[in-house]
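The values are calculated or read from the model by the stated rules, or taken from the named source; none is laboratory data. Remember, predicted model here, so these are calculated numbers, not experimental data. All Cβ positions, glycine included, derive from the backbone under ideal geometry; neighbour counts span all protein chains shown.
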Ligand SMILES: Nc1ncnc2c1ncn2[C@@H]1O[C@H](COP(=O)(O)OP(=O)(O)O)[C@@H](O)[C@H]1O
Ligand SMILES: [Mg+2]
């Protein structure tokens, strides 16, 4: 077995017996690595450990925590000690300890999970307080190892229920640890440099992901939104609009699907996809599954990609954009209430970071920071035609900044 090196900043987290561990802070601080390492060590040392590891969606946990655990098992030469079931996203150690990963969207799978004594919620800012309460109920009975739930997350918004519950009100049963990239001795220089450049290019991002401080809502472009579980009502929606923003290098290609309710002035965001470096054939296939034969309005800066999508049978249109279209589009959208399906975790992430630029005195200026806007740009494209048709109402809009 290879030696497992833990980041020293997490020592206190290893010891605490509190029911809840709140491990939050900046990006790249080693939260996920620490939790994954500790999980494997525990499982190897005591056959009574029974883990449930969750994120909001099954898709996101497969490519994050489950992948990390599997890679770590290989890296530490532990392959002979764990049996991994990739389909189920679960594993058992030869001594009998067990681990199941699941999305909270997989209700049936969660129902079948019994007798767990450890829960790890990765990216806990994605889950609702009611999700948390449901998970909490799973930790009862008699376990010789006691019960513990760990929440790892970035402090995306000062309005988040996590802040209210564990920071403003506080919880006697909670252990809280904040870490930032400075606590991670294993981080490479390039990562640190990228984080540091955010200080000027994207101050909101810098605050949350470099300093690990709660995101402020002061300068956010959109505050007219709420999240809801739309699973039960989205089948009744019939006025769909689709938008696509093409990715470049590490930036994702972003797809968004909405239902527009003009009568109640609501935009329901029902579906999203973030795809990094996806081949156009695969993109077309995935889009076809989401939108069938409907139209989709795309970022016009890539006419070739639009032509390719058309060749694959997608009814792709180029957005008109034009001068002032960003500000105009934002104002138009601000005149509606956005209701975001709580499974659209990337849209929610963008909504909590997309901000106005600041002048040198820290006052907002009416130009958004060009970041955290992939899905939100796609949203403007999706509704562009509607905006043009309803242009007059923009005049009556009051609010925004
Ligand atoms: N104990 C460790 N050993 C080796 N590398 C580590 C360790 N902890 C963190 N890292 C490195 O730091 C990076 C960021 O850590 P990660 O756990 O993803 O941070 P966070 O979850 O806080 O964003 C990882 O991709 C990995 O390269
Ligand atoms: Mg992480």
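Points worth noting:
- Restricting the stretch 73-105 to residues that are assigned to a loop (DSSP other than H, G, I, E, B), modelled with pLDDT of 95 or more and under 27 Å from the mean Cα position of the chain (by Cα), the residue that is surrounded by the fewest Cβ atoms within 10 Å (Cβ to Cβ) is 87.
- You will find that of 145, 187, the residue that is in contact with a helix residue (DSSP H, G or I) (Cβ under 7 Å, 6 or more places away or on another chain) and surrounded by fewer than 19 Cβ atoms within 10 Å (Cβ to Cβ) is 187 and no other.
- Within this structure, residue 24 fails the test of being away from ligand 1 (no atom under 13 Å from the Cβ) and in contact (Cβ under 8 Å) with a residue 40 or more places away in the chain.
- Scanning the stretch 55-80 for residues that are more than 14 Å from ligand 1 (Cβ to nearest atom) and touching a residue at least 60 places away in the same chain (Cβ under 8 Å) yields 56, 57, 77, 78.
- Scanning the stretch 127-140 for residues that are crowded, with 18+ Cβ neighbours inside 10 Å, within 27 Å of residue 340 (Cα to Cα), within 16 Å of the chain's Cα centre (by Cα) and within 16 Å of ligand 2 (Cβ to nearest atom) turns up at least one hit.
- Qualifying residue in the stretch 39-54 (condition: over 25 Å from residue 183 (Cβ atoms), within 15 Å of ligand 2 (Cβ to nearest atom), at pLDDT 95 or above and in the same structural domain as residue 108 (by TED's automatic domain parsing)): no
- Test: residue 197 is more than 16 Å from ligand 2 (Cβ to nearest atom), within 26 Å of residue 358 (Cα to Cα) and in contact (Cβ under 8 Å) with a residue 24 or more places away in the chain: no
- Contact map, the stretch 178-190: residues that are touching a residue at least 40 places away in the same chain (Cβ under 8 Å) and assigned by TED's automatic domain parsing to the domain that holds residue 24 paired with residues that are part of a strand (DSSP E or B) and away from ligand 2 (no atom under 14 Å from the Cβ), Cβ distance under 9 Å, separation 6+ or inter-chain. Pairs shown: 178/22.
- Within the stretch 1-19, the residues that satisfy the criterion of being under 14 Å from residue 178 (Cα atoms) and either crowded, with 22+ Cβ neighbours inside 10 Å or within 16 Å of ligand 2 (Cβ to nearest atom) (or both) are 7, 9, 10, 13.
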